[in-house]
Amino acid sequence: MPNKLQNRTHLRNHFVYYNLHKRCWSLKALETLEPGKYELFAPSVKGRVTGHADTVLASRVTTKISEAGRQRVIREKRKNVHAGIIGLSVIAEPTKNFVTTDTTPSMSYNPYKRPDFYDRATGATVTTAPHVLMRSGCNGSPPRVYYGDDLYYAYWTDREGGIDHEHTTGFIDLSDLYAWIGHVHFTGFVRRISRPLDTYLTARDGHAEFAG
């Protein structure tokens, strides 16, 4: 049986779905990768669950729903695995801490109401996304699937006991990043992961702006 993936595990081309029994995300391989084929990606076997994770970060995402599976849920009133997201690049248990809020764009799916994934705030159908952050929830909170066009990583250092400690905080929404920068009076630099080129900004005492 696959176990919880520890630390940061980088996977290629996986189907990710919420596992109701384990209360976390399960990652099923859509292709076989032999050990050592790619330096970046962990090995996987097509059709098998590579492992499980509480937090998943996926890029170049497509949502997937089996209509036959959805109709079976409606007919039998019992849930089955028929919906999730496909990520070409998937990171299980990313080491970076991500900040999200109640206003961070997120998507949901309810087989009894709609045949698609939809934005929780606007109701708009979501079929693709550059980046998706999936959290299993804690302390009784439901799982959440956040999405955005770019990823942002804020790099900062603090000093404790005479030793400098480096930190990275991630964001999937630009408004969340700007709010955090102002709230903590952030000083440091931020990397925006985007296509075709990454961009950077420098913040000082809570003030920053991307060039371009």
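Brief remarks follow.
- Among residues that are farther than 30 Å from Trp156 by Cα, touching a Gly at 6+ places or on another chain (Cβ under 8 Å) and outside any strand (DSSP E or B), Val81 is included.
- Of the set (1) at pLDDT 85 or above; (2) surrounded by 12 or more Cβ atoms within 10 Å (Cβ to Cβ), all apply to His185 but (2).
- Only one of the listed residues (Thr103, Thr202) is under 24 Å from Gly84 (Cα atoms), touching a residue at least 12 places away in the same chain (Cβ under 8 Å) and exposed (fewer than 14 other Cβ atoms within 10 Å of the Cβ). That residue is Thr103.
- Residue in the range 110-121 that is in contact with an Asp or Glu (Cβ under 9 Å, 6 or more places away or on another chain), over 15 Å from Lys64 (Cβ atoms), in a loop (DSSP other than H, G, I, E, B) and not assigned by TED's automatic domain parsing to the domain that holds Arg192 present: no
- Flag if Arg195 is basic (Lys, Arg) and part of a loop (DSSP other than H, G, I, E, B): yes
- Qualifying residue in the range 190-198 (condition: hydrophobic (A, V, I, L, M, F, W, C) and more than 20 Å from Tyr147 (Cα to Cα)): no
The values are calculated or read from the model by the stated rules, or taken from the named source; none is laboratory data. Given the structure is predicted, the values throughout are model-derived calculations rather than measurements. Note that we place each Cβ from the backbone using ideal geometry, even for glycine, and neighbour counts take in every protein chain shown.
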